[in-house]
Amino acid sequence: MRTLLYVPIIHTSADLGSLAKEVTQRGIKDLGEEIWKKHEETVLGFWNILMKYFDSIEVAGVKIYQDGMIANGEIGQKIVEEGVRSGSKNYEVISRLLQKGGVLVKTEDFHFVREERNRLLKITQATTIVGKLLWLIRYKLTKNSLLNKRDNFISKRVDETLNEGERGIIFIGAYHNIKHRLSGDIKIIEIKDSEKIRAYHKLLPFYHKYKDRIEELSRYILSEVKMHSER
């Protein structure tokens, strides 16, 4: 039996690199500064909860997978270090796991990740409203196809590199959907409920309409880790 700890994640601004400023400005514009600040506090608290949990478990020899991770070895280590320097809580957690003996694994295809990043940059770099709208439409029309390609690649990488009797941890965005693509002999244990993390993402832009539900989900996100097995 192979075991995979499944961590659906919420990215901090530091994870977004050159997209961070645009995302923050849009968040403040759409939600207001107070609500956006609450969201950022929720995300930071979420990562602190994860850090506390992973600091408490033995991870020597555990395979570490991360969405967007296009390399392992020395290059992968440099990517993690650069992420930590930029303030990424995600990469800080991974760095601590590696220091405890975790093994970083190339998780994604460089070309797919670059394509996704380039499409998003086209939206943020457009200088007119019409330009932004056109690139946004193009992105929405193709994002599911690209996400599907990425998910197929990720699930294949896990299946190929997680050997019998081994444990792995995957940090993956809430909109990814790889669980049903993984081999049936991989036991999936969720660190947080993917559906609840995804619901928080989906409802946040409509905070004023779904305030009670979003605050309920926020409390769940900030609660201590209580794992449950998917299969």
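Looking only at region 178-215, filter to residues that are in a helix (DSSP H, G or I) and of a type in the set (V, I, T); which one of those is nearest to I35 (Cα to Cα)?
As a first pass, look at region 178-215 and keep what is in a helix (DSSP H, G or I): 179-181, 194-206, 211-215.
Within this subset, residues satisfying the condition of being of a type in the set (V, I, T) are 197, 214.
Details: I197: 18, I214: 11 Å.
The residue in question is I214.
Within region 146-177, can you find the residues that are small (G, A, S) and farther than 20 Å from I57 by Cβ?
Taking region 146-177 first, the residues small (G, A, S) are 155, 165, 168, 173-174.
Within region 146-177, S155, G173, A174 qualify.
Quick test for you: out of E190, E230, pick the one residue that is modelled with pLDDT under 90, charged (D, E, K, R) and closer than 11 Å to Y6 by Cβ. Lay out the reasoning, then the answer.
Numbers: E190 fails: modelled with pLDDT under 90.
It is E230.
Of the helices (runs of 4 or more DSSP H) lying entirely inside region 51-146, those containing at least 3 residues that are at pLDDT 95 or above and within 18 Å of the chain's Cα centre (by Cα) span 73-85, 89-99. Looking across region 151-162, the residues that are free of Cβ contacts under 8 Å to residues at least 60 places away in the same chain and either surrounded by 14 or more Cβ atoms within 10 Å (Cβ to Cβ) or polar (S, T, N, Q) (or both) come down to D151, N152, F153, S155, K156, D159.
Tell me which residues, restricted to region 168-177, are in a strand (DSSP E or B) and either in contact with an Asp or Glu (Cβ under 7 Å, 6 or more places away or on another chain) or surrounded by fewer than 19 Cβ atoms within 10 Å (Cβ to Cβ) (or both). Spell out how you get there, then give the answer.
Step one: list which residues in region 168-177 are in a strand (DSSP E or B), which gives 168-173.
Within region 168-177, F171, I172, G173 meet the criteria.
Could you tell me whether any residue of region 198-221 is closer than 23 Å to F153 by Cβ and in contact (Cβ under 8 Å) with a residue 12 or more places away in the chain?
So in region 198-221, the residues closer than 23 Å to F153 by Cβ come out as 198, 201.
The next check asks that each one be in contact (Cβ under 8 Å) with a residue 12 or more places away in the chain; those that pass are 198, 201.
Yes, region 198-221 has at least one match.
Only residues that are surrounded by 14 or more Cβ atoms within 10 Å (Cβ to Cβ) and either modelled with pLDDT under 85 or not in a helix (DSSP H, G or I) (or both) were counted across region 29-43, and they come to 1.
Each row is one residue, and each column tells you yes or no for (1) surrounded by 14 or more Cβ atoms within 10 Å (Cβ to Cβ); (2) at positive phi; (3) in contact with a Lys or Arg (Cβ under 6 Å, 6 or more places away or on another chain).
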{"position": "G165", "(1), (2), (3)": "no, yes, no"}
{"position": "K179", "(1), (2), (3)": "yes, no, no"}
{"position": "S194", "(1), (2), (3)": "yes, no, no"}
{"position": "F206", "(1), (2), (3)": "no, no, no"}
{"position": "D212", "(1), (2), (3)": "no, no, no"}
{"position": "K226", "(1), (2), (3)": "no, no, no"}
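The values are calculated or read from the model by the stated rules, or taken from the named source; none is laboratory data. Keep in mind that what you see is a predicted model, and the values were worked out from it rather than measured. Note: ideal-geometry Cβ built from the backbone for every residue, glycine included; neighbour counts use all protein chains shown.
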